[in-house]
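K.L.:
Below you'll find the structure I mean.
Derivation of every value follows stated rules applied to the coordinates shown; laboratory data play no part. Please read these numbers as outputs of a predicted model, since none were measured by experiment. Glycine also receives a Cβ, built like all others from the backbone with ideal geometry; neighbour counts cover every protein chain displayed.
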Amino acid sequence: MTHDVPAFALIVAVLGSIFAGIGLFMHNMSLSHGAWGRTPMGIGISIGAVAGFLGLMIGMTVNGPTARRMALANAPGATPLSDAERAALARRLRIGTLSTTTLLVISVVTMATARYY
């Protein structure tokens, strides 16, 4: 039985980051009896977390399958893509990448600067 170590490591890293962030958020909320979430820093961290999560979801549901479809079309014995199909997939990948990048920049900037609001 073989394991796909890179995929497993990626899943563990993503889940670990998400659960660590949720744990830290919950810890701050419990220490302040919920008041921290209404502070500018709490709101900034929340906006950054939502933007990061949305970026992750777009990357996983749009970019991943689209890139995989394009790569599999180049495999030996696969049905090649028509020019129209390739253009449509490239456009979908471009839009997904721009969306993901924008959301991740929003996430990084809001979380990095939340303490200064």
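K.L.:
Can you give the charge dipole size of the chain about its Cα centre, rounded to the nearest 20 debye, using +1 on the beta carbon of Lys and Arg and -1 on the beta carbon of Asp and Glu? List each step's numbers first, then the result.
P.N.:
Values: 8 positive and 3 negative charges, 44 e Å.
The dipole magnitude comes to about 220 debye.
K.L.:
Can you tell which of Leu89, Ala9, Leu72 lies farthest toward the positive end of the dipole of the chain, using +1 and -1 charges on the Cβ of basic and acidic side chains (Lys, Arg; Asp, Glu)?
P.N.:
Leu89
K.L.:
Rounded, prolate or oblate: which fits the range 39-116 when a ≥ b ≥ c are the square roots of the eigenvalues of the alpha-carbon gyration tensor, with rounded for a/c under 1.5 and prolate only if a/b beats b/c? Can you show the working numbers first?
P.N.:
Details: a/c = 5.03, a/b = 3.67, b/c = 1.37.
Prolate.
K.L.:
Could you give the nm distance between label points at Ala87 and Val50, where each point is 7 Å from its Cα heading toward the beta carbon?
P.N.:
3.8
K.L.:
Select from the chain the helices, each a whole stretch of DSSP H, whose alpha-carbon atoms run 30 Å or more along the helix axis and whose Kyte-Doolittle mean is at least 1.6; answer none if there are none.
P.N.:
What comes out of the filter, once short or polar helices are dropped, is 5-31.
K.L.:
Distance between the C-alpha centers of the range 55-117 and the range 16-44? Whole Å please.
P.N.:
About 30 Å separates the Cα centre of the range 55-117 from the one of the range 16-44.
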